[in-house]
Amino acid sequence: MDFKDYYKILGVEKTATSDEIKKSYRKLAKKFHPDNNPGNKEAESKFKDLSEAYEVLHDGEKRKKYDTLGSQYSRYRQSGGNSEQFDWNNWYDNSSRTSRRPQSSQGYGSINDMFSGSTSGGGFTDFFEKIFGGYTAGQTKGGRSTGPSKKGNDLVTNLEVTFEESFKGTNKVIEVNGQRIDLKIKPGIKDGQQLKLSGQGEPGRNSTNGDLYINVKVLPHIKLKRIENDLFLDLDIDLYKFILGGETKISTFSGTLKIVIPPESPNGKVLLIKAQGMPKYNVHDENGDLFVTLHVKLPEKLSSKELDLFKQLKSLRV
């Protein structure tokens, strides 16, 4: 019995991630699928090898066993041994719960089966049957064994949004596992919030798909800070408005906002503007508040006349 190099068959490195393995399998399996190569025995054989390789490498337990076997087999061959003398008995799976896959050409599923978690590769080799005990028996479909039900693995990815996008909401297109997903981000989403898309994870085997979890990173804003649903803004105001009072305008994500500066405001005064903060996530038409901290901006490059006036003002305060 010869050792099967599943990594070479799928064209991936031994360090390949599950996503890389699946992406390579989907690409090659679609290329060599019998539906696309009618009567091509070479393509049929290649498709069987791809299906067998994916059946092992996408399964965590099978892949771990295969990698351990591969390491020992490689060391054995490097020492001069041949495959016939290698002690395969230590690696056989003698489980009675498994059965051989059908060898009929009718055992192939459609191309779409590749995207529903089934490898559908017809008969597997002796190497697979002996090491991994054959394809697990289950109900049949279209003349082939479909295996036991197993929910697909969950996937996790990251997504960055701007501060403005977190305020207004946005639409994003993300690519996960070779699939493009349209994603609607609701207003008010928080930094570190995790979204769950049910059924968008790894395909299941005769069962539901896994889920996709999206970790959201909200990029910081140059002026605004957020605490819960409240927003905080530092605003520089000229000395004269601090003393005499007046109006000023600020730009917000909702538009231009006019605020009133009370006369004789102290430096660091905080103005509370109700319902002008961050939208509350998943709550319709409700916002936090906006807190504006006023900072005095002193005049620069005063003329001699202006300095004289300040001196007069100072003398009046003594």
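Derivation of every value follows stated rules applied to the coordinates shown; laboratory data play no part. Values in this document were obtained by computation on a predicted structure and should not be read as measured data. Every residue, glycine as well, gets a Cβ built from its backbone with ideal geometry; the counts of neighbours run over all protein chains shown.
Multiply the residue separation of residue 259 and residue 298 by 0.36 nm, subtract the distance between their alpha-carbon atoms, and state the gained length in nm to one decimal.
Details: separation 39, 0.36 × 39 = 14.04 nm, distance 2.00 nm.
12.0 nm is the gain from fully extending residue 259 to residue 298.
Distance from a point 7 Å along Cα→Cβ of residue 27 to each backbone N in region 43-66: keep the residues under 19 Å and list them by number.
46-55, 57-58
Identify all lysines with a Cα-Cα distance to residue 269 below 27 Å; exclude those on the same chain that are fewer than 8 residues away in sequence.
Once the sequence-local lysines are set aside, what remains near residue 269 is 223, 225, 241, 249, 258, 280, 297, 301, 311, 314.
Mind ranking 285-295, 192-202, 266-276 by how tightly packed they are, going by the mean number of other C-beta atoms within 10 angstrom, highest first? Spell out each step's value before the answer.
Details: 285-295: 16.5, 192-202: 14.9, 266-276: 12.6.
Descending packing order for the listed peptides: 285-295, 192-202, 266-276.
Mind checking which aspartates and glutamates have their C-alpha under 19 Å from residue 48, skipping anything on the same chain fewer than 8 residues away?
2, 5, 35, 59, 113, 126, 129
For region 38-76 and region 250-318, compute the distance between their C-alpha centroids and round to whole Å.
Region 38-76 and region 250-318 have Cα centres spaced 69 Å from each other.
What are the aspartates and glutamates whose alpha-carbon lies under 18 Å from the alpha-carbon of residue 196, with same-chain residues fewer than 8 places away excluded?
154, 160, 175, 182, 211
For a label point 7 angstrom out from the Cα of residue 76 toward its Cβ, which stretches of region 1-17 have the backbone nitrogen within less than 11 Å?
Only 1-3 pass the distance filter.
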